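Just below is one structure, and these are the notes that go with it.
The values are calculated or read from the model by the stated rules, or taken from the named source; none is laboratory data. Since the model is a prediction, treat every value here as computed from it, not as a measurement. Backbone-built Cβ (ideal geometry, glycine too); neighbour counts: all protein chains shown.
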Amino acid sequence: MPRKAKPISYTDIGMKEWLYSTHVTMLSYSRVFMETDNLLRHQIIKSLMAQHPEKVADAAINIWEQMATKIISIVGEGGFNSLYARSVFLAQRTFPWLAASPLPPQTSHRFAELKTSLAEQMPAQASAANSLLLITFTDIMASLIGDQLTTSILRSAWGNDASDWADKEFKNE
């Protein structure tokens with residue numbers, strides 16, 4: 001008659017410890033991938049802002065208009081305006097002079113107040129403020145729709161040149 005195997009308990013083979021260590025490892029990897037994606041998104045933004053240091057306000061508005069076109073086609077004007085207003089509110093903690101009024105519905109004047117705010121500052125200050133505003137906006141968006149989709153939308157809006165440059169920079173670090 002075959003011997004009946006004794007049931008194995010978790011403590012017999014240290015399964016609890018193995019499961020815990022596996023769970024912790026998986027959490028660590030997911031954090032690394034999230035930080036990497038955030039870093040990539042942030043690098044894309046910083047690389048775009050660095051391309052035109054002498055015309056910060058114009059470059060910033062161009063970046064915002066390209067992004068707004070893509071995002072509005074997905075979430076609508078009201079959704080974009082809500083994300084933008086929240087981003088400005090949060091960025092004002094660091095740069096209180098940033099434009100604060102709600103966006104007008106006309107697309108030709110959507111970022112007029114932001115452009116004025118940025119143009120009144122020194123280029124380095126304006127670039128830092130717009131970078132923070134873009135990073136805040138994209139981080140909020142990523143928290144709602146995910147990092148991968150956010151990065152995909154940004155690449156679609158800004159073209160592959162910016163993301164290719166950021167990818168090269170990321171690989172060199």
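General remarks:
- Whichever residue in the stretch 111-148 is among the hydroxyl-bearing types (Ser, Thr, Tyr) and without any contact (Cβ under 8 Å) to a residue 60 or more places away in the chain and, among such residues, is surrounded by the most Cβ atoms within 10 Å (Cβ to Cβ): SER117
- Pick from the stretch 61-99, criterion of a type in the set (Ser, Thr, Tyr) and part of a helix (DSSP H, G or I), ranking: nearest to the chain's Cα centre (by Cα): SER87
- Search result, residues across the stretch 84-99 that are surrounded by fewer than 17 Cβ atoms within 10 Å (Cβ to Cβ) and within 20 Å of THR151 (Cα to Cα): ARG86
- Index of the failed condition, SER82 passing every other in (1) in contact with a Lys or Arg (Cβ under 7 Å, 6 or more places away or on another chain); (2) more than 13 Å from SER127 (Cα to Cα): (1)
- GLN106 at pLDDT below 90, more than 16 Å from ILE61 (Cα to Cα) and surrounded by fewer than 17 Cβ atoms within 10 Å (Cβ to Cβ): no
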